[in-house]
Amino acid sequence: MDEVTVRVRDLAKRFGEVHAVQGVSFEVHAGECFGLLGPNGAGKSTTLKMLTTLLPRDGGTIEIAGVPLTGDVTRVRARIGYVPQMLSVDGSLTGYENLLIFAKLYGLRRGERERRIADILELVGLGEAADRLVKTYSGGMIRKLEIGQAILHQPRVLFLDEPTVGLDPVARKGVWEHIERLQQEQNMTILLTTHYMEEAESLCTRIAIMSRGRIAAVGTPAELRAQMGNPDASMDDVFAHFAGSFEHEEGGMKHVFRSRRTARRMG
Ligand SMILES: Nc1ncnc2c1ncn2[C@@H]1O[C@H](COP(=O)(O)OP(=O)(O)O)[C@@H](O)[C@H]1O
Ligand SMILES: [Mg+2]
């Protein structure tokens, strides 16, 4: 458990006047599920995009599975999977076809491709739906397909950006179960972002609470309660204590509704 799989030091990113990420440092251990919890606008997606090589950083260092993220990003890319916040599947193709595109993208050989796609369909519970067009899938099924796409090449680390936003409670539980299985059965290291307190508490070994581009606190849920001096605090209390109240953050519900519409567009 002590091997460090993701090491982030003094990470920084600015968009004009907006300091989206300012001096973020944390470590994720092998086999751990680590949660970046924070309100909309906190800098979670920006952090994830830098970790997944999609966005250049302005400062700081990143190391993933022992590989420093420098000029040559391909070695890091081979070791990671990423499920973005926004839709990453094509509704006009079947589930199988969506997986096939990613399998080719990852350079899996023909024989290996078919085997791996079959395994993934089984793993994410979409075997029966594999030949249906994705536009007939529910939001939960789409999320599972996106997770399947991201792990075709058997990455060491899986990054998930708001994996259950816009899903109903039943679908959310289904996605949680799959994330837990990936962690426990495949021994995958997982880093996810969420603004749902109960999601972070249910899935994550340790949580970093992010607010306005900084990490306000890191620890297990019990450690966070202890840090705030109230062992009986609810996760809502912990969150409000470290991140401030939701309502005062930009984005807020508007953002949630927008994400929901995206999820429903296909459902
Ligand atoms: N491409 C961009 N251009 C300008 N500002 C951005 C861009 N991406 C994010 N931001 C800003 O950076 C801040 C953090 O955004 P983000 O990382 O998406 O937060 P979160 O994922 O926690 O909701 C916000 O103020 C957001 O408006
Ligand atoms: Mg985000």
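Every number here is computed from the coordinates shown, using simple stated rules; none is lab data. From a predicted model like this one, the values you see are computed outputs, not experimental measurements. Methodologically, a virtual Cβ is constructed for each residue, glycine included, from the backbone with ideal geometry; neighbour enumeration extends over all protein chains shown.
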For the range 75-158, just the Cα atoms, rotate onto the principal axes and tell me the three extents in Å, largest first. 36, 30, 20
Please list, in chain and number order, the residues 5+ apart from residue 206 or on another chain whose amide H is under 5 Å from its amide H, with Hs placed from the backbone. 33, 35
Quick one: work out the % antiparallel among DSSP beta bridges in the chain, nearest 5. 55
Would you please give the residues with an amide H less than 5 Å from that of residue 215, counting only those at least 5 places away or on a separate chain, with H modeled from the backbone geometry? 25
When the convex hull of its Cα atoms is projected in every direction, mean area for the range 4-266 (nm²): 13.8
Using only Cα atoms and rounding to the nearest 10 degrees, what angle (0 to 90) does helix 252-265 make with the longest principal axis of the chain? 10
The range 201-208 - phi-based ³J(HN,Hα) in whole Hz, Karplus 6.51/-1.76/1.60, Gly and Pro as x: 5, 6, 9, 9, 5, 10, 10, 10
Give the total of Lys-Lys pairs in the chain with Cα-Cα distances below 30 Å; include a pair only if its members are 8 or more places apart or on different chains. 21
Please list, by residue number, every one of the trypsin sites (Lys or Arg not before Pro) in the range 39-114 that is coil in DSSP and has at most 14 other beta-carbon atoms within 10 Å. 109
Taking θ as phi - 60°, what are the ³J(HN,Hα) couplings along the range 10-27 by the Karplus curve (6.51, -1.76, 1.60), each to the nearest whole Hz, with x for Gly and Pro? 6, 5, 9, 8, 10, 10, x, 7, 8, 8, 5, 9, 9, x, 8, 9, 6, 10
Could you compute the FRET efficiency for residue 61 and residue 132, with r as their C-beta to C-beta distance and R0 at 45 Å, rounded to 0.05? 0.55
What FRET efficiency comes out for the pair residue 18/residue 70, r = Cβ-Cβ distance, R0 = 30 Å, nearest 0.05? 0.70
For residue 161, what charge total do you get from the other residues with a beta carbon under 11 Å from its beta carbon, if Lys and Arg give +1 and Asp and Glu give -1? 0
Please list, in order along the range 92-100, the HN-Hα scalar couplings obtained from phi with the Karplus expression 6.51 cos²θ - 1.76 cosθ + 1.60 (θ = phi - 60°), rounded to whole Hz, x for Gly and Pro. 8, 10, 7, x, 4, 5, 4, 5, 4
